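In what follows, a single structure is set out as C-alpha cells and then discussed.
Please treat every number below as a calculation from the coordinates, not as lab data. What you see is a predicted model; the values in this text were computed from it and never measured. No Cβ is skipped: glycine too gets one built from the backbone with ideal geometry, and neighbour counts run over all protein chains shown.
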Amino acid sequence: MHPAPARLLVMCSFSALSLATMLAGAAEPRDPGVYMGRQIARTMHWQSAAWLVRQKREREESTMEMRANLGLKPGMVVCDMGCGNGYHSLPIAKAVGDKGLVYAVDLQPEMIEMLGERCSKAEVRNVRPVVGKQDEACLPPASCDLILMVDVYHEFAKPQKMLRSMKSALKPGGLLALVEFRQEDPEVPIRPEHKMSRAQILKEMQANGLTLHREYNGLPWQHLMFFALPQKP
C-alpha cells in the first residue's frame, strides 16, 4: 500500500546555497519580480502560520465547500501544493482514505514540521510531507490525480518552471486546481498582490499549455478553477 507515515519526509536534492535560500523564506528582501504583467507576491513567512488555521477562516472562505467541490474520492492521489501547516492536507487525507495519498509540499521546512506535528496528533498516516523548491514541484512523474494550490500560485517565484514540473506530475486526465482571492472584488480584504483576476489566471495557464476544464463560482472570496492538459488527438 503506497501511503507512508506522516513522519516520512521527502526532500528534493539541492545545493547548500539553495538550502540557505529556502531557509531564508519570505525574509528574502529581493523583489520576486513580475510575470506576464502581474507582480509576484512574496511567500507568507512560516511565523505567520497561525493565520492559516484562524477560527474565522471557514466563515470567510467556505473552505469545506471548496473541498467538497474538488471531486475527491477514496483512493485518489492529491498534492496540496504550498500546504503550509496542513489546514487542507488533513481533511483531504481523510477524504481520499487509507488507500489514497496526499503529497503535502511546502518551500519552508518549518511549515513541514508543523504539518508533521498536526498529522501525528490527528493520527493521519496517508500524508507524505515534501520540502519543495522554488522551481520544481518535487513530485514523482505521473503520480497525481489532482494538484491543489490554495492561495499559493501567485507566490511562485518561477511560475513557468513550477507549472512545467506540476504538469509532468499529473496522471493522464489529472487536473490542476487553483484557488485565488478575486482581484475583481474590492471588498475582499487581501493585499492586491495576493489576488488574481480570472482573466489573469486564464492568461497564465493558457500560456503554459493548460486549458480550463471547469470552475466553481460559489465561494465568497475566491476563484476555484480547474485546468487540464490538452487531450491528444
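Checking the Cα-Cα distances for LYS73/LYS195; LYS94/LYS133; LYS94/LYS121; LYS121/LYS158 against a 22 Å cut-off, the pairs over it are LYS73/LYS195; LYS94/LYS133; LYS121/LYS158.
Expressed as a fraction of 2.2 N^0.38 Å, the value expected for a compact globular protein of N residues, the C-alpha radius of gyration of the stretch 87-233 is 1.06. You can think of it this way: the chain between ARG214 and GLU60 has 53.1 nm of extra reach, that is 0.36 nm per residue less the Cα-Cα gap.
For the stretch 135-143, backbone phi angles converted through the Karplus equation (6.51, -1.76, 1.60; θ = phi - 60°) give residue-by-residue couplings of 10, 8, 6, 6, 10, x, x, 6, 10 Hz, Gly and Pro being listed as x. All other residues whose Cβ lies under 12 angstrom from that of TYR103 are scored, Lys and Arg at +1 and Asp and Glu at -1, for a net of -2.
What order do you get for SER62, SER120, SER89 when you list them from fewest to most C-beta neighbours inside 10 Å? All intermediate terms of the calculation are to be shown ahead of the outcome.
Values: SER62 17, SER120 13, SER89 29.
If I rank by nearby Cβ atoms, fewest first, I get SER120, SER62, SER89.
Among ILE201, ILE40, ILE112, the order by Cβ neighbours within 10 angstrom, fewest to most, reads ILE40, ILE201, ILE112. The lysines whose alpha-carbon is closer than 20 Å to the alpha-carbon of LYS232, local same-chain residues fewer than 8 away aside, are LYS167, LYS171. To the nearest 500 deg cm²/dmol, what mean residue ellipticity at 222 nm is calculated for the chain from DSSP H runs of n ≥ 4 alone, each contributing -39,500 (n - 2.57), summed and divided by the residues? Calculated from helices alone, the mean residue ellipticity at 222 nm is -7500 deg cm²/dmol. On full extension, the segment bounded by LEU202 and SER48 gains 52.5 nm, given 0.36 nm per residue less the C-alpha separation.
Using θ = phi - 60° in the Karplus curve 6.51 cos²θ - 1.76 cosθ + 1.60, the 3J(HN,Hα) couplings for the stretch 206-216 round to 5, 5, 10, x, 10, 10, 5, 8, 6, 8, 10 Hz; x is entered for Gly and Pro. Working note: Karplus 6.51/-1.76/1.60 with θ = phi - 60° gives the stretch 73-82 the couplings 9, x, x, 6, 10, 10, 9, 9, 7, x Hz, where Gly and Pro are set to x. Most simply put, the chain has about 40% antiparallel DSSP beta bridges, counting only bridges with both residues inside it. Evaluated on the stretch 61-173, the Kirkwood hydrodynamic radius is 13.9 Å, with distances taken between all distinct Cα atoms.
Using DSSP loop states and a limit of at most 14 other Cβ atoms within 10 Å to flag GluC sites (Glu not before Pro), what is the longest stretch of the chain containing no flagged site? All intermediate terms of the calculation are to be shown ahead of the outcome.
Working: sites that count: GLU123, GLU184, GLU187.
The reported range is 1-122.
Under the 0.36 nm per residue contour assumption, what length would be gained going from the current alpha-carbon distance of SER168 and GLU117 to full extension? Gain in length upon complete extension: 15.4 nm. Charged side chains reduced to their Cβ positions (Lys and Arg at +1, Asp and Glu at -1) give the stretch 57-228 a dipole of some 560 debye around its Cα centre.
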